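Asks: Take this structure, written in structure tokens, and hold onto it; I'll ask about it next.
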Amino acid sequence: MMAAHRAVALEPTWSIDFDAVFDNREGDHTYTDTKTFFFTNLAPEVGLKFTKSDRIAGGVVWNQPIGNEWDGYKISPTLYYRHTGRRWNLSMGMFPRTQLRQEMPGFLRSDSLAYFQRNIRGVLVQYHSPAAFIDFYLDWRQMQTDSKREKFNIVFHGEWRPGRRHFLVGGHAMMNHFALTHNAPDNMHIVDNFLVNPYVGLDYSGATALDSLTVKAGALLTVERNRGNDLGWQTPGGAWLEVLGQWRWLGLKNSLYAGKALYPSYSEHGAELYMGEPFYQSKFYNRTDVYARIMANRWVDLQASLDFHVAKDAFTFYQRLIVRVYLSSGD
């Protein structure tokens with residue numbers, strides 16, 4: 001008996017993701033350097049779709065500072081498998097962070113890191129329904145070598161909106177693994193770092209004169225053990241509030257944290273350990289972004305913003321202009 005073979009139609013896919021960023025930072029440099037970022041990112045991809053739900057894709061991410069000619073560029077690989085289903089999605093490999101349902105908040109990922117690390121390197125599992133979503137991913141930040149520590153993050157973000165009401169409940173959780181190098185010296189120590197952020201909120205988008213209005217409030221807590229000291233487990237935390245409103249092309253986003261400094265080992269390990277905004281070293285941090293979406297269509301998003309950062313004994317002012325152009329075979 002002969003085996004039956006079913007012909008499979010292979011469909012080529014492609015995409016081009018480009019952005020240019022101008023970010024000028026002025027004011028106090030207590031928590032972060034006052035400097036100017038001015039660069040472009042180009043991330044072309046080609047792929048092959050082999051079922052209705054499955055494809056593989058590969059490409060590069062080219063980051064190029066402006067004003068340096070060819071100097072200072074960085075090229076990183078993109079290569080992944082992607083499955084998209086009615087309820088569940090899966091990615092594995094090195095894939096764009098834009099696949100996440102929502103951007104990560106500032107306590108998990110700083111603007112600077114988002115500029116220069118576009119891809120997640122690991123696995124992403126997603127669930128979505130009309131009332132809820134979950135993003136769960138492993139980001140393998142660095143492989144262990146004789147000179148480099150092993151570093152990876154496991155991150156959860158979920159949100160549920162019961163019924164047709166305005167109420168929502170959600171949360172973020174992260175395990176940050178910061179291990180050792182091969183043949184580590186005696187003065188190098190592991191740091192066990194966790195962060196949790198349960199929250200509740202109200203979404204009045206379309207129910208007011210504004211086009212969108214969302215308020216979220218909750219707790220923000222770090223659980224950390226730095227094995228290089230005798231302090232044991234530390235649990236700094238506090239209250240967190242975020243408000244986002246937009247009317248036509250104008251918007252405002254405000255994020256407030258008040259409590260204890262979230263990053264107890266920042267003076268020792270800095271951004272090598274903590275990926276969030278360095279302002280969370282402060283017991284108080286308020287960020288206000290006033291933005292204008294100058295152009296927004298299916299291909300181009302051009303946004304200008306004025307960002308005000310207020311922390312203990314510090315004020316920093318960002319002026320940003322960001323354009324993103326996205327083209328794909330699905331257009």
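The values are calculated or read from the model by the stated rules, or taken from the named source; none is laboratory data. Remember, predicted model here, so these are calculated numbers, not experimental data. Cβ: placed from backbone, ideal geometry, glycine included. Neighbour counts: every protein chain shown. Heavy atoms of the whole protein, side chains included, go into the accessibility calculation; ligands, DNA and RNA do not. Shrake-Rupley method; radii C 1.70, N 1.55, O 1.52, S 1.80 Å.
Asks: Could you tell me whether segment 41-62 includes any residue that is assigned to a loop (DSSP other than H, G, I, E, B), within 18 Å of F116 (Cα to Cα) and out of contact with any Cys (no Cβ under 9 Å at 6 or more places or on another chain)?
Replies: Within segment 41-62, the subset assigned to a loop (DSSP other than H, G, I, E, B) is 50-53.
From what's left, within 18 Å of F116 (Cα to Cα): none.
Checked segment 41-62: no residue is assigned to a loop (DSSP other than H, G, I, E, B), within 18 Å of F116 (Cα to Cα) and out of contact with any Cys (no Cβ under 9 Å at 6 or more places or on another chain).
Asks: So, one more: Residues in segment 29-38: is at least one over 23 Å from D307 (Cα atoms) and surrounded by fewer than 15 Cβ atoms within 10 Å (Cβ to Cβ)?
Replies: Let us first name the residues in segment 29-38 that are over 23 Å from D307 (Cα atoms), namely none.
No, every residue in segment 29-38 fails to be over 23 Å from D307 (Cα atoms) and surrounded by fewer than 15 Cβ atoms within 10 Å (Cβ to Cβ).
Asks: OK, next. So, in segment 63-76, exactly how many residues are touching a residue at least 24 places away in the same chain (Cβ under 8 Å), outside any loop (DSSP other than H, G, I, E, B) and open to solvent by 70 Å² or more (accessible area, probe 1.4 Å)? Steps first, answer last, please.
Replies: To start, the set of residues in segment 63-76 that are touching a residue at least 24 places away in the same chain (Cβ under 8 Å) comprises 63-67, 74, 76.
Next cut, outside any loop (DSSP other than H, G, I, E, B) only: 63-65, 74, 76.
After this cut, where a residue has to be open to solvent by 70 Å² or more (accessible area, probe 1.4 Å) as well, the list is 74.
Adding up the residues that qualify gives 1.
Asks: While we're on this one: If a residue counts only when it is out of contact with any strand residue (DSSP E or B) (no Cβ under 8 Å at 6 or more places or on another chain), which strands (runs of 3 or more DSSP E) contained entirely in segment 210-269 have at least 1 such residues?
Replies: On the way: elements: 212-226, 237-247, 250-259.
Filter on segment 210-269 gives 237-247.
Asks: Collect the residues in segment 1-55 that are at pLDDT 95 or above and among the polar types (S, T, N, Q), keeping them in residue-number order.
Replies: T13, S15, N24, T36, T40, N41, T51, S53
Asks: Please specify each residue of segment 296-331 satisfying the condition of being without any contact (Cβ under 8 Å) to a residue 40 or more places away in the chain and out of contact with any Phe, Trp or Tyr (no Cβ under 9 Å at 6 or more places or on another chain).
Replies: N297, L302
Asks: Restricting to segment 110-135, give me the number of residues that are in contact (Cβ under 8 Å) with a residue 12 or more places away in the chain and over 30 Å from D23 (Cα atoms).
Replies: 10
Asks: Kindly check whether there is at least one residue in segment 92-105 that is over 17 Å from Y137 (Cα atoms) and either open to solvent by 60 Å² or more (accessible area, probe 1.4 Å) or within 19 Å of the chain's Cα centre (by Cα) (or both).
Replies: Residues of segment 92-105 over 17 Å from Y137 (Cα atoms): none.
No: zero hits.
Asks: Being open to solvent by 20 Å² or more (accessible area, probe 1.4 Å) and assigned to a loop (DSSP other than H, G, I, E, B) is the filter here, so list the residues in segment 110-148 that pass it.
Replies: Matches in segment 110-148: Q117, R118, S129, P130, A131, M143, Q144, T145, D146, S147, K148.
Asks: It is to be established whether one or more residues within segment 155-168 are of a type in the set (A, V, I, L, M, F, W, C), within 21 Å of S265 (Cα to Cα) and buried (at least 17 other Cβ atoms within 10 Å of the Cβ).
Replies: Within segment 155-168, the first condition is being of a type in the set (A, V, I, L, M, F, W, C), and the residues that meet it are 155-156, 160, 167-168.
From what's left, within 21 Å of S265 (Cα to Cα): 155.
Among the residues that remain, those that are also buried (at least 17 other Cβ atoms within 10 Å of the Cβ) are: 155.
Yes, the conditions are met somewhere in segment 155-168.
Asks: Which ones in segment 270-301 are buried (at least 17 other Cβ atoms within 10 Å of the Cβ) and not acidic (D, E)?
Replies: Restricting attention to segment 270-301, the residues satisfying the condition of being buried (at least 17 other Cβ atoms within 10 Å of the Cβ) are 273-282, 285, 287, 289, 291.
Scanning segment 270-301 gives L273, Y274, M275, G276, P278, F279, Y280, Q281, S282, Y285, R287, Y291.
Asks: Condition (residue is modelled with pLDDT under 95 and not aromatic (F, W, Y)) applied to segment 249-258: is it met by at least one residue? Lay out the reasoning, then the answer.
Replies: Within segment 249-258, the first condition is being modelled with pLDDT under 95, and the residues that meet it are none.
No; the residues of segment 249-258 include none that is modelled with pLDDT under 95 and not aromatic (F, W, Y).
Asks: Looking at segment 140-192, which of its residues are closer than 23 Å to P96 by Cα and of a type in the set (D, E, K, R)?
Replies: R141, E150, K151, E159
Asks: Ok, one more. Would you please name the residue that is nearest to the chain's Cα centre (by Cα), looking only at residues in segment 276-308 that are more than 18 Å from A114 (Cα to Cα) and not in a strand (DSSP E or B)?
Replies: Step by step, filter segment 276-308, then rank; the result is Q281.
Asks: Under 6 Å by Cβ, and 6 or more places apart or on different chains, what pairs join a residue from segment 204-227 that is closer than 17 Å to A239 by Cβ with one that is of a type in the set (D, E, K, R) and open to solvent by less than 60 Å² (accessible area, probe 1.4 Å)?
Replies: Once the first residue is closer than 17 Å to A239 by Cβ and sits in segment 204-227, its partners that are of a type in the set (D, E, K, R) and open to solvent by less than 60 Å² (accessible area, probe 1.4 Å) give K216/E242.
Asks: Would you please list the contacts, defined by Cβ atoms under 9 Å and residues six or more apart or on different chains, that run from a residue in segment 95-108 that is without any contact (Cβ under 8 Å) to a residue 60 or more places away in the chain and within 19 Å of G170 (Cβ to Cβ) to a residue that is open to solvent by 20 Å² or more (accessible area, probe 1.4 Å) and β-branched (V, I, T)?
Replies: R101/I134
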